[in-house]
Amino acid sequence: MNKQLLEYRMPAEWEPQKSVWLIWPYNQKDWPGLFNKIPEVYAKIIFELSKNQIVNLLINKNADKKKIKKYLLNYDCKIFRIKFHIIKSDRVWIRDSGPIFLIRKKNKKKIILNFSFNGWSKYKNYKNDNKINNFISKKLNLKEIIPKIEKSGKFKNIVMEGGAFDVNGQGSVILTKECLLSKVQERNFNFKKKDYEKIFSKYLNIKNFIWLNKGIIGDDTHGHVDDIARFVSKNTIMTAFEKNKNDKNFKSLKKNFEILKKSRNENGNKFNIIKIPMPPPIYINKIRTPASYLNFFITNRSVLLPVFKVKGERKVINLFKKNFKNKKIVPIDCKELIWGFGAIHCMTQQEPKL
């Protein structure tokens, strides 16, 4: 146990939030042929967020502020709840490049874990995004801790993305072997399961590990968990499920479901597992996208749910209503956003309230 981090924890997403952090979209190459549709999706999401919460929005330069503010006003966003911050970025996916906030209730302390970000070991343009955590820690005047591990007598900074793990705020975490243990897009050279468990135990006080096998087809992160399985309460997990036996996701999602059914929480009790149907495959330019209803974001008063305007979504919306009785379910059309291989959870990062 790291004494410096004793009693600190990463709160679950449904716990009270002080604000939500986002990055304004600039990278046209992330949505080839569809980029002109993306600012509108962002505006609609920011409209929903700004109804009740502070939105911290990162923009590339001060000269953009007036134009973006005017654009957001056209969508009735509550500008008085939006704070603009000037820092250059490479991509919008702040869930992965942004900070992990930890809190300690005892003495009302909040700190930032600044994991390294390397573009999912796939893209070369990530250096601006890797500066975001340090920028936010200074902006908020929060202590920043850089997670490291000793290997062969040397300390190495750890690469980790927020979309690679999901916590219940009580000591349990869900991860995937495909993302963290594969040689494909290997984030941390030669890391084993025990290395990752040591990191999560040391820096996030995690004591219960649920290792799923694979993510979904089309995911350029190579297996992020926030497309396939999410905690929705401390003892309830929603998991993506494919009923079409001919679909490429069928076997891996079935196996993940079986693992979850056998899993236990930090107290040794079974979880309540809820199956969420997958949408039919969504192709853009003959490329399959990682469309999933699991890439939702929980706010203080609502759940922003990605939808893709396909059959069967009413059933999915009703499942969410049933399991989030105290929150409003807000479907957001993500059929264009998903062309960037991410959705609402990927583009948001919550800052917890003390």
For R288, indicate whether it is exposed (fewer than 15 other Cβ atoms within 10 Å of the Cβ) and either within 22 Å of M347 (Cα to Cα) or not hydrophobic (A, V, I, L, M, F, W, C) (or both).
no
Among the residues of region 293-313, how many are polar (S, T, N, Q), within 16 Å of K327 (Cβ to Cβ) and touching a helix residue (DSSP H, G or I) at 6+ places or on another chain (Cβ under 7 Å)?
2
Would you confirm whether any residue within region 68-85 is over 21 Å from P306 (Cα atoms), in contact with a Pro (Cβ under 6 Å, 6 or more places away or on another chain) and not hydroxyl-bearing (S, T, Y)?
no
So which residues in region 51-85 are among the polar types (S, T, N, Q) and either without any contact (Cβ under 8 Å) to a residue 24 or more places away in the chain or more than 19 Å from I38 (Cα to Cα) (or both), if there are any at all?
N52, Q53, N62
Criterion (charged (D, E, K, R), outside any loop (DSSP other than H, G, I, E, B) and either free of Cβ contacts under 8 Å to residues at least 40 places away in the same chain or surrounded by fewer than 18 Cβ atoms within 10 Å (Cβ to Cβ) (or both)) met by exactly one of K138, K88
K138
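Yes or no, residue by residue, for (1) hydrophobic (A, V, I, L, M, F, W, C); (2) at negative phi; (3) part of a helix (DSSP H, G or I):
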{"position": "D219", "(1), (2), (3)": "no, yes, no"}
{"position": "D247", "(1), (2), (3)": "no, yes, no"}
{"position": "K251", "(1), (2), (3)": "no, yes, yes"}
{"position": "I259", "(1), (2), (3)": "yes, yes, yes"}
Residue in region 17-26 that is of a type in the set (D, E, K, R), closer than 21 Å to K105 by Cα and out of contact with any helix residue (DSSP H, G or I) (no Cβ under 6 Å at 6 or more places or on another chain) present
yes
Any hit, region 98-113, residues being in a helix (DSSP H, G or I) and more than 13 Å from L5 (Cα to Cα):
no
Among residues belonging to region 183-218 that are touching a Gly at 6+ places or on another chain (Cβ under 9 Å) and not hydrophobic (A, V, I, L, M, F, W, C), point out the one that is nearest to Y123 (Cα to Cα).
Q185
Qualifying positions in region 190-217 - outside any loop (DSSP other than H, G, I, E, B) and hydrophobic (A, V, I, L, M, F, W, C)
I199, F200, L204, F209, I210, W211, L212
Within the bounds of region 294-311, is there any residue that is closer than 23 Å to Q170 by Cβ, outside any loop (DSSP other than H, G, I, E, B) and in contact with a Phe, Trp or Tyr (Cβ under 8 Å, 6 or more places away or on another chain)?
yes
List the number of the failed condition for E48; all other conditions in (1) part of a helix (DSSP H, G or I); (2) acidic (D, E); (3) surrounded by fewer than 17 Cβ atoms within 10 Å (Cβ to Cβ) hold.
(3)
Those residues that are of a type in the set (K, R) and part of a strand (DSSP E or B), I need them from region 221-239; list them, please.
R230
Could you please find all residues in region 1-39 being outside any loop (DSSP other than H, G, I, E, B), in contact (Cβ under 8 Å) with a residue 12 or more places away in the chain and not basic (K, R)?
Q4, L5, Q17, S19, V20, W21, L22, I23, D30, I38, P39
Are there any pairs with C-beta distances below 8 angstrom linking a residue in region 244-265 that is under 18 Å from V232 (Cβ atoms) to a residue that is assigned to a strand (DSSP E or B) and of a type in the set (S, T, N, Q), with the two at least 6 apart or on different chains, and if so which?
L253/T239; N256/T239; F257/T239; L260/T239; R264/N208; N265/S172; N265/N208
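Readers should treat all values here as calculations from the given coordinates under stated rules, not as data from a laboratory. Note that this is a predicted model, so its numbers are computed, not measured. Note that each Cβ is placed from the backbone with ideal geometry, even for glycine, and that neighbours are counted across all protein chains shown.
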